[in-house]
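Below is one structure, written out as structure tokens, with a few remarks after it.
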Amino acid sequence: MGGHILNKFKAMFAVQHKLYQVETHAIPPMDAGLLPNDALDRFQVVPSSLMEIDDIVFDARGYFYISSKNQVFRFRAGNEEDFTVFAEFDGPAGGLNFCLDGKLMVCVAGKGVAFVGDDGALVGTVDMADALPIRCALSAVTGPDGAVYIAEGTIYHEPTDWYVDLMEKRQAGRLIRCDPDTFETEVLLSGLSYPYGVAISRNQKWLLVSESWKHTLSRFPIDNIKENRREIVVPNLPGYPGRITYSSDGGYWMCIFAMRTYLVDFVLTENKYRKMMMRSIDPAYWIRPALFSGEDFLEPLQAAHAITLGILKPWAPPRSYGLVLKMDEDFEVTKSFHCRTGGKRHGISGAAEKEGELYIVSKGNNMVLRSGEEVLK
């Protein structure tokens, strides 16, 4: 009798696993340029007292800008301890970038995108598109013609509830084009799976868009951005991709803010269990990815000796992780910097390279990290 029940369970699991494979790509192995390492643990910590850091960017004069809580701070490269408040907002500040005329674009949670002059004064705000408020602007980039492209992760939640959007299996993100002079908007794409990062290709012909819940990087011709013109250039990442920025040698850096696991991917296929979990359990203890972990013994993934005597086993599934990818001009991953499961430099949300050094934001552990030239070699 027991053998019959066991065989029936195995058959059911095989069917579920087959459906799971049909609906999603299997998590790819971490090899070649993605081979795990401890490189992020060797980055220097930039001293600061900033909290809730989200993104970092630099301008042509050598100033760095960091979003922190509802403010943007400015400092000079090489003088990182001298932070000054550059601008303040009515909501948490997130993604940063510049217009062609030098205005700083700041993604503000629940408020849209703010445009700030060189003196820190607010010039204008984009907060609506197609009669819907822009609640979850995550990144913005300026195209070769001066138009601004905004990645809005979802129309249902603000950025702090990213994991809710994932577990609800939403596809409610938008790509919005904006005129930075008139602040008029146009929705180019909708129904996206949490578009997080946007960038212009090196040859200025393509708009790059990372979609976190699809684990992909796509490109669209800059002069004809439509869904049927999509080309998927990175089809299956092992984590959830975020912001994208240029590297000095002609390629790109991509932030991975959390890693996929077989358990989370499986839970996403089990709708009855997933909905019951979301109704009955504190979100802090859902089976889901996180930006940081290891601070609460009630977190999932503590069973099966993943943690024994306070020691996290090397093979434990990564509830949180630190990862930055280096891609060449053909979008092949050539290098990666990791902070593995037991580390404290997780939830990478921003990166900026300046004069041979890479600055990285660990949103999960509230750090700004600097590579040093020897790490990038």
* Here are Asp90, Asp101: which of them is in contact (Cβ under 8 Å) with a residue 60 or more places away in the chain, surrounded by fewer than 17 Cβ atoms within 10 Å (Cβ to Cβ), out of contact with any Asp or Glu (no Cβ under 8 Å at 6 or more places or on another chain) and over 19 Å from Gly350 (Cα atoms)? -> Asp101
* Asked: Residue check: is Thr245 at pLDDT below 95 and crowded, with 17+ Cβ neighbours inside 10 Å?
  -> no
* **Selection from segment 346-357 of residues that are surrounded by fewer than 24 Cβ atoms within 10 Å (Cβ to Cβ) and either of a type in the set (Gly, Ala, Ser) or modelled with pLDDT of 95 or more (or both)** => Ala352, Gly356
* **Pairs, first among the hydroxyl-bearing types (Ser, Thr, Tyr) in segment 330-355, second in a loop (DSSP other than H, G, I, E, B), C-beta under 6 Å, six or more apart** => Thr334/Asp328; Thr341/Ala316; Thr341/Pro318; Ser349/Lys363
* **Any strands (runs of 3 or more DSSP E) falling wholly within segment 190-275 and containing at least 2 residues that are within 21 Å of Pro318 (Cβ to Cβ) and either among the hydrophobic types (A, V, I, L, M, F, W, C) or touching a residue at least 12 places away in the same chain (Cβ under 8 Å) (or both)** => 195-200, 206-211, 216-221, 239-246, 252-259
* Structure fact -> When segment 26-75 is checked residue by residue, the ones that are part of a helix (DSSP H, G or I), in contact with a helix residue (DSSP H, G or I) (Cβ under 7 Å, 6 or more places away or on another chain) and crowded, with 16+ Cβ neighbours inside 10 Å are Ala39
* To do: Keeping to segment 142-160, report how many residues are without any contact (Cβ under 8 Å) to a residue 40 or more places away in the chain, within 20 Å of Glu52 (Cα to Cα) and surrounded by fewer than 18 Cβ atoms within 10 Å (Cβ to Cβ).
  => 0
* Working only within segment 113-148, note down all residues that are closer than 14 Å to Pro195 by Cβ, in a strand (DSSP E or B) and in contact with a Ser or Thr (Cβ under 6 Å, 6 or more places away or on another chain). => Ala129
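The values are calculated or read from the model by the stated rules, or taken from the named source; none is laboratory data. In this text the structure is predicted, and so the values were computed from the model without any measurement. So basically every Cβ, Gly included, is an ideal-geometry build from the backbone, and we count neighbours across all protein chains shown.
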